[in-house]
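Colleague: If you scroll down you'll find the structure; I have some questions about it.
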Amino acid sequence: MRTPTYLGLAVLTGALITGCASAPPPTAQANLAEDYIRCLMNNEGAGYKGSCEVTCSVNALAINFDGVEPRRRCSSPNRTVMAELARTNVPGRWLGKMQGVQPEDPTRFEVVATGSGSGSAGRTPFGWFPIADLKESGGTLQIRMDARRQLRPTANDVAIISRAIALLPNNAAWNKNDNRECPADQMKLSMFCALTQATAEISGGVHYRQPAMQAVREVLNTVDQSRVKTHRIMDYNNHPATTLEEIHALLRTAQARVQQDMR
């Protein structure tokens, strides 16, 4: 299974170019690019469609709970990705799609707008970020997300990692040949699929960048990098040297980090 209001009314200015706000002067761009994901979408009846400008560090998946992960820092131009959102039946919640880093990445994009700013979140394929501004006006939807650091985990994320460990009790239950596909009827689970199933059970749905998964990725940034190439969770799971005991140890370390980040 791969499934995967109004706040401050800052208006994004500038002429429209290919569905997104025009770039500010270079001096302003240098600061803004490090700090925000900016989305501009047009009303197409059933919802909004347009694009988001993603910073290099966000696209490199370099933004952690505490900021930029030094080894993944970059300075390339921002990237524009296609995005769409529509209101759900739950007040303040929007659901849609956004392009991720890789073509095969899940595209779930969710916005939770509480009205006060506290608890507002943009849940993107690149991570979960606080909403700085959201404005729906004149047939457009404009969103600005603070991309300096990811949203902190909650008690749900502690429970997700506990459940993932429980879903991998022994080698007979562990799939060491992960392909990031998690069908409902599979008999063995990889670390990725255990986390995916645990997320679905506890959160009621699956988001690829749930903070629990992000915590695991952050721990993987510190392990032997010969085991981690493109898809960190899959690569570590599948590496010939990785044992189930190491999987459990890594998950427990991630859980401790989640608990620390909550404090």
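Colleague: Just to confirm my filter: which helices (runs of 4 or more DSSP H) fall fully inside segment 172-248 and include at least 2 residues that are open to solvent by 10 Å² or more (accessible area, probe 1.4 Å) and under 20 Å from Phe109 (Cβ atoms)?
Modeller: 191-203, 211-220
Colleague: Here's a check for you: in segment 118-129, which residue that is open to solvent by less than 40 Å² (accessible area, probe 1.4 Å) and not aliphatic (A, V, I, L, M) is modelled with the lowest pLDDT?
Modeller: Ser120
Colleague: When segment 231-246 is examined, which residues are found to be more than 16 Å from the chain's Cα centre (by Cα) and closer than 18 Å to Asn177 by Cβ?
Modeller: If the condition is that a residue be more than 16 Å from the chain's Cα centre (by Cα) and closer than 18 Å to Asn177 by Cβ, then Met234, Asp235, Tyr236, Asn237, Asn238, His239, Pro240, Ala241, Thr242, Thr243, Leu244, Glu246 are the ones that fit.
Colleague: Here is a further query. Looking at segment 136-169, which of the residues that are open to solvent by 70 Å² or more (accessible area, probe 1.4 Å) and over 22 Å from the mean Cα position of the chain (by Cα) is nearest to Ala249 (Cα to Cα)?
Modeller: Pro169
Colleague: Hey, Glu110 hits all of (1) open to solvent by 60 Å² or more (accessible area, probe 1.4 Å); (2) out of contact with any helix residue (DSSP H, G or I) (no Cβ under 9 Å at 6 or more places or on another chain) but one; which does it fall short on?
Modeller: Single failed check for Glu110: (1).
The values are calculated or read from the model by the stated rules, or taken from the named source; none is laboratory data. In this text the structure is predicted, and so the values were computed from the model without any measurement. In this analysis, Cβ positions are derived from the backbone assuming ideal geometry, glycine residues included, and neighbour counts consider all displayed protein chains. When the accessible area is computed, the model is the full protein with side chains, heavy atoms only, and any ligands, DNA or RNA have been set aside. Shrake-Rupley method; radii C 1.70, N 1.55, O 1.52, S 1.80 Å.
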